[in-house]
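Participant: Submitted below is the structure of interest, expressed as C-alpha cells.
The values are calculated or read from the model by the stated rules, or taken from the named source; none is laboratory data. Treat the numbers as computed from the prediction; the structure is a model and nothing was measured. When we count neighbours, we look across all protein chains shown, and the Cβ atoms used for this are built from the backbone with ideal geometry, even at glycine.
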C-alpha cells in the first residue's frame, strides 16, 4: 500500500485553506521560514542539553545559571545572521553586548550592586592575570566563572551564526560537544543521556543544514524542488540517528581509547606543554571524582575542598610506618608554595646506587637508615623516599636545594609504568628531644632560602607565632609548641579556599580554624620562619598500619594516604620531621644520644665520606620548569587539561579548516598554465560570493558579467582573454603579459575577498 508524501498531505490542507496569502503568513515567522524555525528548535534543544549538564555539575560555588547568557548568545547570533551588515560591525556588536552580559551574569552570586560586582570582577581578574604572567598561584574562582560564562556565550553565538548564516553545522556543534564531553568526563554522577540527546540533535542538524544549503543554491539557480522535501529528509534522518545511537550504545568500549589518547597526547604535546601549569591559577577548581591531591610539580596550591581517592599508587615493602617524601617546596606565596630558584635538577641521569649524601655525615647527624622497596600501581613521575635519600637502585634525576647534599626530590629518568620496581635507602632523624634542644642556632648561610616570606605577610601571623611560643627557650621547644597548637585545629577536607587577596595561612589560623594537612603543615612552616627558624614543607604519602597486607611487610598505598608535613632544620642534625595534623600521630623521638645507629652500615662500598656538592656533578638546570614537564595529567583532577582541550580543539579546527580551504583552493590546478590557474581561482572565489557562472556562458561573457559586479576593477576583461588564449590557443604568456595579469588578479582577488568578508 502506497504511503502519502509530505507534498500530498500538505497540498490537501493547503487546498482547504481560505486564502494563499494567509498560508504564506503562517509559514513565515519574522525573518525565519518554517523550515528554519524547525532547525532553530533543534539547535535550542541541543544547546539547552549542554547548559543543563554544566549547570547541574556545580563546578564552583560562584558559578551562576548559564541559561540567560546562553539564550543571549543564541539571540545575538540569530540577529547577526539575518541582519545584513558588514561582518566586522556585527561581530563588534556581538562582542560588546556579550561582554556586558558576561560581566553581569558572572557576578550574580556576588554581593553588592551591579556596578560594585562589575568592578570587583575586573579587579579580581587583574590580580589573577598578574599571577598568571608572574608564575604565581591563584585560588580565586571568579576567573574560571568568567571563562565558562564567556565560553557559553561564544559557543551559543557561534552556533547560531554558523548554522543560519554560513550553513555550517559542524562549526556550530563541535564547541558544544567538547564542553559536554568535558563535563561528563571530569565530574561524577554525570549521566550519558545528555550526550545521547546532543548527538541525536547533531545528526539531525548536519543533515538538515546540508539540505537547507542545497535548497538555497537551488533557489538561486531557479531549480525547482519538492516544497516539503525537508520533512521527508527529517523523517529519514530521525530513524537513521536512532539506529546509529542504538548501535553505538551496545558496542563494547574496549581499550582503544587509551591508545587513542596516547596518540593524541603525542601529536599535541608541542602545544600542550606550555599549558600544563595552568592549574596553578585555577587551583581551587578540581574534579569531584576524587583523585591525586599533589602532582609534585613546581607549585603546591593551597586548595579548597578536596576529595581523597583515586585508587592505588604503590606497594611499599618496609619494616616500619612513616612518611614517604616525594617533593619539598621552599617559597611561600599567599596562595600556596613554589619550588624556588635555588633548586636545581640534574640535566643528565644520576647513576644507580651512587650516593646522595655522606654516610659519615648521616652518622654525625644522629640519623638512622630506612630502606623501602616500591612497586608502582599506576604511572609515576617521582621516586619516594622514607626521609633524606641515600641511594636509589635505578638511574634517576636529582633535585638539589640550596645546600650541599640537600636533596629535595628524586625523579625517574622516564615515566614509570605499572608494576615497575625500585629500591631507596634513606635516613631519618634518630635524635632525641635533648639532642634537638641542644642543637646550635648558628645556621648555615644557605638556610636563608628556608626563611623566605612574602613582604606583605599579615602581622597577625607573626604575633600569633610569638604568642604561642612564649616561654620557649630553644628552637625545638618553639617548634613543638607550634606543632601542639596546630593539632587543636580540626581536620576538614571540605573547607573553602581562602578568599581572594587574603593570605591562606591567615585564613586558616583566624577564620576557618580547620583544614587538612596542607594547611596545618603550611601554617607551622610559616610561623617558624617568622621566628627565624628554617623550615620547609614536604609532600608525599603516609604509611598507615592498616595499609599493611596481613602476614607481610608490604603496605598498599593509595591516594587517600596523601599527606604533607613540615621539616625543620637543626644545625648539626639536619632536617627533622614534625606533624601538626591531628589526623596522624605526632612523630616519636626515638634513639639514644651517642649510640651507633641501628640498621646503618657506614662501611657500605657505595657511600662516600664527602658531602655531595651538586656544583661538581655535571650540568644542572632550574628545577621548576622541568618538574612541570614531568607532571602526569590525571583524567579526574586537572582544570588545566579542560582548558588545554579547548585550546587544542580550536587549533585543530583551525588547521583542519585551513587544510580544507587550501585543498579546495588549489584542487586540480597543478601543472596548468598560469592564466588558467588565475581564471579557475577567480571563479572559485566568485562562487563563494554567490556569483554563479552559467553553464551556457563563454569565458568572455562570464568576465563581462563579473565586470558588472566589480566595476572598480579595471581591465577585468583581460582575465577572460588570457584564459582563452592559454586554454584553447596554447599560447604562453610573455613576461609583460604575466605581470599585467598578476596586477589584475590581485585587484580581483582583493575585491572579491572584501565582498566575501562583508556579507558572510
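Participant: In region 734-760, which residues are at pLDDT below 80 and under 22 Å from residue 698 (Cβ atoms)?
Facilitator: Listed by number, the list holds a single entry, 752.
Participant: A further question on this structure: Of all residues in region 724-733, which are part of a helix (DSSP H, G or I), at pLDDT below 80 and surrounded by 12 or more Cβ atoms within 10 Å (Cβ to Cβ)?
Facilitator: Listed by number, the list holds a single entry, 727.
Participant: Going by what's in this entry, would residue 50 be described as in contact (Cβ under 8 Å) with a residue 40 or more places away in the chain, under 27 Å from residue 206 (Cα atoms) and surrounded by 15 or more Cβ atoms within 10 Å (Cβ to Cβ)?
Facilitator: yes
Participant: Name the residue, out of 701, 721, 736, that is under 17 Å from residue 677 (Cβ atoms), in the same structural domain as residue 754 (by TED's automatic domain parsing) and assigned to a helix (DSSP H, G or I).
Facilitator: Working: 701 fails: under 17 Å from residue 677 (Cβ atoms); 736 fails: under 17 Å from residue 677 (Cβ atoms).
Going through 701, 721, 736 in turn, the sole match is 721.
Participant: Further question on the same structure: If only one of 374, 363 is assigned to a helix (DSSP H, G or I) and either in contact (Cβ under 8 Å) with a residue 24 or more places away in the chain or under 22 Å from residue 586 (Cα atoms) (or both), which one is it?
Facilitator: Of 374, 363, the one residue that is assigned to a helix (DSSP H, G or I) and either in contact (Cβ under 8 Å) with a residue 24 or more places away in the chain or under 22 Å from residue 586 (Cα atoms) (or both) is 363.
Participant: From the residues in region 127-143 that are in a helix (DSSP H, G or I) and out of contact with any helix residue (DSSP H, G or I) (no Cβ under 7 Å at 6 or more places or on another chain), which one is farthest from residue 508 (Cα to Cα)? Don't jump to the end; show me each part of the working.
Facilitator: So in region 127-143, the residues in a helix (DSSP H, G or I) come out as 127-134, 142-143.
Next, from what is left, pick out any that are out of contact with any helix residue (DSSP H, G or I) (no Cβ under 7 Å at 6 or more places or on another chain): 127, 129-130, 133-134.
Numbers: 127: 21, 129: 25, 130: 24, 133: 27, 134: 25 Å.
Across region 127-143, the extreme among qualifying residues is 133.
Participant: Please verify whether region 74-95 includes one or more residues that are part of a helix (DSSP H, G or I), within 24 Å of residue 498 (Cβ to Cβ) and touching a strand residue (DSSP E or B) at 6+ places or on another chain (Cβ under 9 Å).
Facilitator: no
Participant: When you scan region 544-558, do you find a residue that is more than 29 Å from residue 430 (Cα to Cα), outside any helix (DSSP H, G or I) and either in the same structural domain as residue 418 (by TED's automatic domain parsing) or modelled with pLDDT under 95 (or both), even just one?
Facilitator: no
Participant: Against the definition (under 14 Å from residue 673 (Cβ atoms), assigned by TED's automatic domain parsing to the domain that holds residue 678 and surrounded by fewer than 12 Cβ atoms within 10 Å (Cβ to Cβ)), how does residue 708 come out, yes or no?
Facilitator: So residue 708 does not fit the description; no.
Participant: Ok, one more. Being in contact (Cβ under 8 Å) with a residue 12 or more places away in the chain, in contact with a helix residue (DSSP H, G or I) (Cβ under 6 Å, 6 or more places away or on another chain), within 21 Å of residue 141 (Cβ to Cβ) and in the same structural domain as residue 385 (by TED's automatic domain parsing) narrows it down to one residue among 537, 495, 533; which is it?
Facilitator: Details: 537 fails: within 21 Å of residue 141 (Cβ to Cβ); 533 fails: within 21 Å of residue 141 (Cβ to Cβ).
The conditions single out 495.
Yes or no, residue by residue, for (1) touching a helix residue (DSSP H, G or I) at 6+ places or on another chain (Cβ under 9 Å); (2) part of a strand (DSSP E or B); (3) surrounded by fewer than 18 Cβ atoms within 10 Å (Cβ to Cβ):
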residue: 369; (1), (2), (3): yes, yes, no
residue: 398; (1), (2), (3): yes, yes, no
residue: 408; (1), (2), (3): yes, yes, no
residue: 424; (1), (2), (3): no, yes, no
residue: 441; (1), (2), (3): yes, no, yes
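Participant: Here is a further query. Inspect all residues belonging to region 288-307 and state whether any of them is surrounded by fewer than 19 Cβ atoms within 10 Å (Cβ to Cβ), at pLDDT 75 or above, in contact with a helix residue (DSSP H, G or I) (Cβ under 7 Å, 6 or more places away or on another chain) and in the same structural domain as residue 447 (by TED's automatic domain parsing).
Facilitator: No, region 288-307 contains no residue that is surrounded by fewer than 19 Cβ atoms within 10 Å (Cβ to Cβ), at pLDDT 75 or above, in contact with a helix residue (DSSP H, G or I) (Cβ under 7 Å, 6 or more places away or on another chain) and in the same structural domain as residue 447 (by TED's automatic domain parsing).
Participant: Separate question: Which one of these is in contact with a helix residue (DSSP H, G or I) (Cβ under 9 Å, 6 or more places away or on another chain), modelled with pLDDT of 80 or more, under 18 Å from residue 160 (Cβ atoms) and surrounded by 15 or more Cβ atoms within 10 Å (Cβ to Cβ): 38, 43?
Facilitator: Only one candidate qualifies: 43.
Participant: Sticking with this structure for a sec: Here is a list of conditions, (1) farther than 17 Å from residue 753 by Cβ; (2) surrounded by fewer than 16 Cβ atoms within 10 Å (Cβ to Cβ), and residue 687 meets all of them except one; can you say which number that is?
Facilitator: Going through the list (1) farther than 17 Å from residue 753 by Cβ; (2) surrounded by fewer than 16 Cβ atoms within 10 Å (Cβ to Cβ), residue 687 breaks only (1).
Participant: Which members of region 152-181 meet the condition of being surrounded by fewer than 21 Cβ atoms within 10 Å (Cβ to Cβ) and within 15 Å of the chain's Cα centre (by Cα)?
Facilitator: 178, 181 - these are the residues of region 152-181 that are surrounded by fewer than 21 Cβ atoms within 10 Å (Cβ to Cβ) and within 15 Å of the chain's Cα centre (by Cα).
Participant: Moving on to the next point. So, in region 455-492, exactly how many residues are out of contact with any helix residue (DSSP H, G or I) (no Cβ under 9 Å at 6 or more places or on another chain) and not in a helix (DSSP H, G or I)?
Facilitator: Selection size over region 455-492: 4.
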